[in-house]
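As structure tokens, the structure follows; a few thoughts come after it.
The values are calculated or read from the model by the stated rules, or taken from the named source; none is laboratory data. Note that the structure is a prediction, hence the values are computed from the model and not measured. Cβ placement follows ideal geometry from the backbone for every residue including glycine, while neighbour counts extend to all protein chains displayed. Please note that ligands, DNA and RNA were not included when accessible areas were found on the heavy atoms of the full protein model with its side chains. Shrake-Rupley method; radii C 1.70, N 1.55, O 1.52, S 1.80 Å.
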Amino acid sequence: MSEKDNAHEVESSEPITRRKVLAWLTSMGILGSAIVSVFSNFVFIKPRATYGLPTRFSIGTPNDYPPGTRIALGKERVAIIREGEKMAAISITCTHLGCIVGVADTGFACPCHGSRFDQDGNVTGGPAPRPLPWYELSLAPNGELEVDKGKEITPGKWFTV
Ligand code: FES
């Protein structure tokens with residue numbers, strides 16, 4: 001009989017006692033608790049904040065907005081207006097309580113409490129306390145228009161393409 005067979009015989013001849021089973025279960029319980037603890041700490045430490053869209057973003061080229069365009073970019077919450085060679089980026093977040101205003105040829109209308117704004121975003125009716133802000137619009141070196149919602153500009157200050 002070889003040594004290997006002897007070793008196997010010795011191992012298999014040891015009885016599995018209740019103490020061994022309990023020790024094994026305790027070890028597995030402690031190990032499982034440690035794994036859950038490490039995982040939950042990792043989840044807790046990892047930042048879960050969402051920072052939303054960047055304040056400066058590209059909206060395509062001027063050719064994407066032919067003269068007469070009045071279009072709302074819902075995700076970015078901004079309306080792009082083009083009159084001839086003039087362009088503007090006007091907020092579509094109502095200055096009353098923050099609903100998204102609808103864009104029409106006559107201006108902007110809020111569906112929540114009935115505020116009305118003219119084509120330049122000035123309040124013409126309803127509870128809105130302020131006009132809709134205008135944002136800086138610029139042309140990037142790659143020829144794309146960029147809106148910077150971090151920079152409000154004087155209403156009526158159009159960007160010329
Ligand atoms: Fe627009 Fe109230 S949120 S009128």
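Pairing the Cα long axis of helix 18-45 with the longest principal axis of the chain, what angle in degrees results, from 0 to 90 and rounded to the nearest 10?
20
Loop only per DSSP, at most 15 neighbouring Cβ atoms within 10 Å: give me the GluC sites (Glu not before Pro) in segment 43-133, ordered by residue number. The partial results should precede the final answer.
Numbers: sites: E76, E83, E85; in loops: E76, E85.
Taking segment 43-133 and a limit of 15 other Cβ atoms within 10 Å, the loop GluC sites (Glu not before Pro) found are E85.
Report the number of Lys pairs in the chain whose alpha-carbons are under 30 Å apart, with separation of 8 or more residues or on distinct chains.
Close lysine pairs under the 30 Å cut-off: 11.
Could you work out how far helix 3-13 tilts from the main Cα principal axis of the chain, as a 0 to 90 degree angle to the nearest 10?
The helix 3-13 is inclined about 80 degrees to the chain.
Compute the distance in nm between two label points, each set 7 Å from the Cα along the Cα-to-Cβ direction, one at T93 and one at Q119.
So the two model labels end up 2.7 nm from each other.
For the chain, what number results from the quotient of the Cα radius of gyration and 2.2 N^0.38 Å?
2.15
Taking trypsin sites (Lys or Arg not before Pro) that fall in a DSSP loop and have at most 14 other Cβ atoms within 10 Å as cut points, what is the longest piece of the chain between them? Before the final figure, lay out each step's value.
Numbers: sites that count: R48, K75, K157.
Answer - 76-156.
Suppose every Lys and Arg Cβ carries +1 and every Asp and Glu Cβ carries -1, with no other charges. What dipole size does the chain come out with about its Cα centre, to the nearest 20 debye?
580
Label I45 and D148 with points 7 Å out from Cα along Cα→Cβ: what is the distance between them in nm?
3.8
Give me the distance in nm between label points sitting 7 Å out from Cα along the Cα-to-Cβ direction at R18 and K86, one decimal.
Output for this residue pair reads 9.2 nm.
Using Cα centres only, tell me the gap between segment 112-138 and segment 47-95 in whole Å.
15
Which order do M87, M28 take by accessible area at a 1.4 Å probe, largest first?
Result of the area sort, largest leading: M28, M87.
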